[in-house]
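One structure is given here, and the rest of the page talks about it.
A short reminder: the numbers here are calculations on the coordinates, not readings from a lab. For clarity, every value in this text was computed on a predicted model and none was experimentally measured. Cβ placement follows ideal geometry from the backbone for every residue including glycine, while neighbour counts extend to all protein chains displayed.
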Amino acid sequence: MSRSASRWQQIAEYALVGVTIVMAAVFATIAPGFLSLQNLINIALSIAVTGILAVGMTVVMVTGGIDLGVGSVIALTGVAAAMAAESTGSAVLIPLIAALGAGVLTGLVNGTLVAYLRVPAFVATLAMLTAARGLAFLISGGRSHGDLPDRFGWLGRSVVAGIPAPVIAMAVVMIAGAFILKRTVFGRHSYAVGGNVEAAWLAGINTRFVTWLVYVLNGLLAGLAGLTLASRLGAGVPSAGVQYELDVIAACVVGGTSLTGGRGTVAGTLSGTVFIGVLTNGLNLANVDPYVQKIALGLVIVVAVIGDQLGRGGAGATSPAV
């Protein structure tokens, strides 16, 4: 990121944290129990799967891409993990391999279509949204698979030192994602591709490989998220994960990740994920109509996109890249 873009990103992150604190104070006033320990744990659990997915989406969006299929992919990977556990009796290793393997395969397909066959990311991942959901129903026979070993809940329902395992998994993924984006050559190349793909190519960056790799990484994290969700539900459910892609994209955009690439951080995505979790939980406790909640979330996304455009103009960003 350029210096001006980085400054804008920091301002947006600080502002979002401030808004989240004010919003939490309002909900604590109008919704008794909002600040209770159990409710805070509920918020953390509710955002864990979204947070894992959002790290992968952040990396994809930094390069100027997008993935509309992650909701269906976590259904597919969750079903793959549950069926592997049912058929083998394994609760950890084989389900983990099945979920991550299925996720990586979807990432390989997306990455190849976008990077090497020049299919627009919107079209390629929209096709994956439909195909992965169909495959999840096909291999599962259209039913949930819940005849699982007891230890299958190790990732979704266990607690370590008072902290739910999904929250720990989200934290580890976010730390790793932040390190990759900030401290590695691959991270710097991702920002370069998203800022100006032609300039990145002229600078000697293998732009196609970087684009391909971000989708593979996103698929891997979708597999982990699918396993986490299936472990928490205690079943592989082919209809799970509906509209997760919208929540994930919203968390990234609200956290300052640009829809046109070149800007975004994992810290901002974490802020956006927490903001949406607090907003949703607070509105639920305040007994706000679910349809009104969706309208509120839609308005938040629109405001975030407007802020992104204003920030991009102020930062003097260059042309978008795909």
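In a GNM of the chain with a 10 Å cut-off on Cα contacts, which of Pro95, Pro120, Pro32 has the highest mean-square fluctuation? Its mean-square fluctuation being the largest, the pick is Pro32.
Relative to the present Cα-Cα distance, how much length would full extension add between Ile30 and Leu93 at 0.36 nm per residue of separation?
Numbers: separation 63, 0.36 × 63 = 22.68 nm, distance 4.56 nm.
Roughly 18.1 nm would be gained on extension.
Mean-square fluctuations from a GNM of the chain, with a 10 angstrom spring cutoff on Cα atoms, peak among Ala80, Ala169, Ala225 at Ala169.
Quarter the surface of the alpha carbon convex hull of the chain and you get the mean projected area, 16.1 square nanometres. Taken along the Cα-to-beta-carbon direction at a fixed 7 Å, the label points for Asp150 and Ala203 span 5.5 nm. Note on the chain: GNM, Cα springs under 10 Å; of Leu246, Leu279, Leu117, the largest mean-square fluctuation is that of Leu117. Taking other residues whose beta carbon is less than 14 angstrom from the beta carbon of Ser90, and scoring Lys, Arg as +1 and Asp, Glu as -1, yields -2.
Over the chain, Cα pairs under 8 Å with separation of 6+ residues give a relative contact order of 35 percent. With each label modelled as a point 7 angstrom along the Cα→C-beta vector, the Ile175-Val160 pair spans 0.9 nm.
Over segment 1-151, what is the relative contact order in whole percent, taking alpha-carbon pairs under 8 Å and six or more residues apart? Don't skip to the answer; put the middle values down first.
Details: 116 pairs, mean separation 38.9, N = 151.
Over segment 1-151, the number comes to 26 percent.
For segment 176-322, the relative contact order works out to 29 percent when only alpha carbon pairs closer than 8 Å and six or more residues apart are counted. Please identify every one of the trypsin sites (Lys or Arg not before Pro) in segment 76-144 that sits in a loop by DSSP and has no more than 10 other beta carbons within 10 Å of its own beta carbon. Answer in residue order: Arg118. Across segment 73-85, coupling constants 3J(HN,Hα) worked out from phi with the 6.51/-1.76/1.60 Karplus curve, θ = phi - 60°, read 5, 5, 5, 4, 5, x, 5, 4, 5, 5, 5, 5, 5 Hz, and Gly and Pro carry x.
For segment 206-213, putting each phi into the Karplus relation 6.51 cos²θ - 1.76 cosθ + 1.60 with θ = phi - 60° gives couplings of 6, 5, 5, 5, 4, 4, 4, 5 Hz, in residue order, rounded to whole numbers and with x for Gly and Pro. A simple spin-label model places pseudo-atoms 7 Å from Cα toward Cβ; at Asn42 and Val185 they are separated by 4.9 nm.
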